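The structure follows.
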Amino acid sequence: MARKKIVAGNWKMNMTPSQAVALCNELKDLVKSDEVDVVYCVPAVDIVPVVEAVKGSNVAVGAENMYFEEKGAYTGEISAAMLVDAGVKYVIIGHSERRDYFKEDDVLLNKKVKKAFEAGLTPILCCGETLEQREMGITLDWIRMQIKSDLVDVTAEQVASMVIAYEPIWAIGTGKTATTEQAQEVCKAIRECVAEVYDAATAEAVRIQYGGSVNAGNAAELFAQPDIDGGLVGGASLKADFGKIVNYK
Ligand code: PEP
């Protein structure tokens, strides 16, 4: 069965709650699609108003982060159960900004992925190489290492239902998009890695996004690649262009 494309916006640390609701209203008609799953991954404080604002539409809400512990003395953190209760369906795990600025490593991210599944959330697990790693020729080895470490003890059934986002760090927020060939090469390698660790059916089912300066002009070519099942979109998810990315055909 063909995989359904999924386009997710990553709002990062943008949009106050009132701005978030205004953006949802602005995008409402533009992001309508039967063919593509649409997700807004929003700051924690925006979750409740955004869930309310997209009610009855085709948009699902995601979080940008969560903690792996059930509850308790973890000041400033948000649990998976809190997200679920608030109406969240997806959660970004391991975005390169969290790996870099907040020193989140693969051991921690593996715990987060498992907790997300346990709670009934769909993880959007990010991976990606630095420019230095790409120039050293170790991109595919690095990505495979990230995927294998982050998915330790995650079942085939869970992997089949999740989303993996390939985001070359040098392409995020820089206006520099990976070439279609570069993006396809790595997304294919991720699928092969899933086939190696799990099986062919799991690899065939898992949805793999490309992220890194996706915009209304390059989405169609990127999403037409056989192993690219949509995009994780930062900057362009905050404007009307996001509707063009969702309706890229
Ligand atoms: C991202 O933050 O996940 C991202 C891909 O950002 P941008 O689209 O702005 O490069």
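The values are calculated or read from the model by the stated rules, or taken from the named source; none is laboratory data. Keep in mind the model is a prediction, meaning the values are calculated, not measured. Because the Cβ atoms are built from the backbone with ideal geometry, glycine has one as well, and the counts that use them run over all protein chains shown. Heads up: the accessible areas ignore ligands, DNA and RNA and are worked out on the full protein's heavy atoms, side chains in. Shrake-Rupley method; radii C 1.70, N 1.55, O 1.52, S 1.80 Å.
Can you give the net charge of the other residues whose Cβ lies under 10 Å from the Cβ of ASN247, counting K and R as +1 and D and E as -1? List each step's numbers first, then the result.
On the way: positive: LYS32, LYS244, LYS249; negative: GLU35.
With Lys, Arg at +1 and Asp, Glu at -1, the neighbours total +2.
If I model a spin label as a point 7 Å beyond the Cα along the Cα-Cβ vector, how far apart are those points for LYS239 and ARG3 in nm?
Taking the two extended label points, one gets 2.9 nm.
Another question, if that's okay. Hey, what number do you get for the chain at 222 nm if only DSSP H runs of n ≥ 4 count, each worth -39500 (n - 2.57), divided across all residues, to the nearest 500?
Only helices count here, giving -11500 deg cm²/dmol.
If you don't mind, there's one more thing I want to ask. Show me the ranking of peptides 16-28, 96-108 by mean Cβ neighbours inside 10 Å, starting with the highest.
Working: 16-28: 16.8, 96-108: 14.8.
Sorting 16-28, 96-108 by mean packing, highest first, produces 16-28, 96-108.
Something else about it: So between LYS89 and SER161, what do we pick up on full extension, going 0.36 nm a residue minus the alpha carbon distance?
Working: separation 72, 0.36 × 72 = 25.92 nm, distance 1.22 nm.
Contour length minus Cα-Cα distance gives 24.7 nm.
For the pair SER149/ALA220, report the inter-label distance in nm, with labels modelled 7 Å from Cα in the Cβ direction.
Calculated label separation equals 4.0 nm.
Of the heavy-atom accessible surface of segment 202-249 (probe 1.4 angstrom), what whole percent is carbon and sulfur? If you can, show how the numbers build up before the last one.
On the way: 790 of 1590 Å².
Within segment 202-249, the accessible surface is 50 percent carbon and sulfur.
Sticking with this structure for a sec: Show me the ranking of peptides 6-12, 112-118 by mean Cβ neighbours inside 10 Å, starting with the highest.
Values: 6-12: 23.6, 112-118: 21.3.
The peptides rank, most packed first, as 6-12, 112-118.
Shape call for the chain from the C-alpha gyration tensor, a ≥ b ≥ c root eigenvalues: rounded (a/c under 1.5), prolate (a/b greater than b/c) or oblate? All intermediate terms of the calculation are to be shown ahead of the outcome.
On the way: a/c = 1.44, a/b = 1.11, b/c = 1.29.
Rounded is the answer for the chain, as its axis ratio a/c remains below 1.5.
Between LYS103 and LYS55, what length comes free when the chain is fully extended (0.36 nm per residue of separation minus the Cα-Cα distance, one decimal in nm)?
Values: separation 48, 0.36 × 48 = 17.28 nm, distance 3.49 nm.
Working it through step by step, the gained length comes to 13.8 nm.
On to the next question. If you find the alpha carbon centre of segment 163-215 and of segment 95-123, how far apart are they in angstrom?
Result: 17 Å between the Cα centres.
Now for a separate question. Over segment 170-249, what is the relative contact order in whole percent, taking alpha-carbon pairs under 8 Å and six or more residues apart?
Numbers: 110 pairs, mean separation 26.0, N = 80.
Value for segment 170-249: 33 percent.
Here's another thing I want to ask about it. Which of rounded, prolate, oblate describes segment 75-213, given a ≥ b ≥ c as roots of the alpha-carbon gyration tensor eigenvalues and a/c under 1.5 marking rounded, otherwise prolate only if a/b is larger than b/c? Before the final figure, lay out the partial values.
On the way: a/c = 1.79, a/b = 1.28, b/c = 1.40.
In terms of gyration-tensor shape, oblate.
Let me ask another. Under a Cβ-Cβ cut-off of 15 Å, what is the net charge of the residues other than GLY94 that fall near it, where Lys and Arg count +1 and Asp and Glu count -1? Don't skip to the answer; put the middle values down first.
Numbers: positive: LYS12, ARG98, ARG99, LYS103, LYS111, LYS112, LYS114, LYS115, ARG144, LYS148; negative: GLU64, GLU97, ASP100, GLU104, ASP105, ASP106, GLU129, ASP150, GLU167.
Result for the local shell: +1.
Would you mind checking which residues have amide H under 5 Å from ASP229's amide H? H placed 1.01 Å from N; only 5 or more apart, or other chain.
Placed amide hydrogens put ILE208, GLN209, TYR210 under 5 Å from ASP229.
Related question: For the pairs LYS188/LYS239; LYS89/LYS115; LYS5/LYS89, flag any whose C-alpha to C-alpha distance is greater than 18 Å. All intermediate terms of the calculation are to be shown ahead of the outcome.
On the way: LYS188/LYS239 30 Å; LYS89/LYS115 13 Å; LYS5/LYS89 16 Å.
Correct reply: LYS188/LYS239.
Right, another one. Determine, for each peptide in 234-247, 77-90, the mean count of other beta carbons within 10 angstrom over its residues, then list the peptides with the highest first.
Numbers: 234-247: 20.7, 77-90: 18.4.
Ranked by mean Cβ neighbours within 10 Å, highest first: 234-247, 77-90.
Here's another thing I want to ask about it. Relative contact order of segment 100-212: what whole-number percent is it, with Cα pairs under 8 angstrom and at least 6 residues apart? Present the calculation step by step, with values, prior to reporting the outcome.
Working: 148 pairs, mean separation 34.5, N = 113.
In percent, rounded to a whole number, it is 31.
At 0.36 nm per residue, and after removing the present C-alpha to C-alpha distance, how many nm does the segment from THR174 to MET136 gain when stretched out fully? Can you show the working numbers first?
On the way: separation 38, 0.36 × 38 = 13.68 nm, distance 2.04 nm.
Net length gain for the segment: 11.6 nm.
Can you bin segment 192-233 into rounded, prolate or oblate? Criterion: square roots of the alpha carbon gyration tensor eigenvalues sorted a ≥ b ≥ c, rounded for a/c under 1.5, prolate for a/b above b/c, oblate for the rest. Could the numbers behind the result be given before it?
Values: a/c = 3.67, a/b = 2.64, b/c = 1.39.
Taking the square roots of the gyration eigenvalues as a ≥ b ≥ c, segment 192-233 is prolate.
Follow-up. So what J values fall out for segment 200-213 if you push phi through Karplus, 6.51 cos²θ - 1.76 cosθ + 1.60 with θ = phi - 60°, rounded to Hz, Gly and Pro as x?
5, 5, 5, 5, 5, 8, 5, 9, 10, 9, 9, x, x, 6
With a 1.4 Å probe and all protein chains left in place, how much accessible area per residue does the chain have, in Å²? Don't jump to the answer; show the numbers that get you there.
Working: 11250 Å² over 249 residues.
Each residue of the chain exposes 45 Å² on average to a 1.4 Å probe.
Counting pairs of alpha carbon atoms under 8 Å apart in space and at least six apart in sequence, what relative contact order in percent does the chain give?
On the way: 492 pairs, mean separation 53.6, N = 249.
For the chain, the relative contact order is 22 percent.
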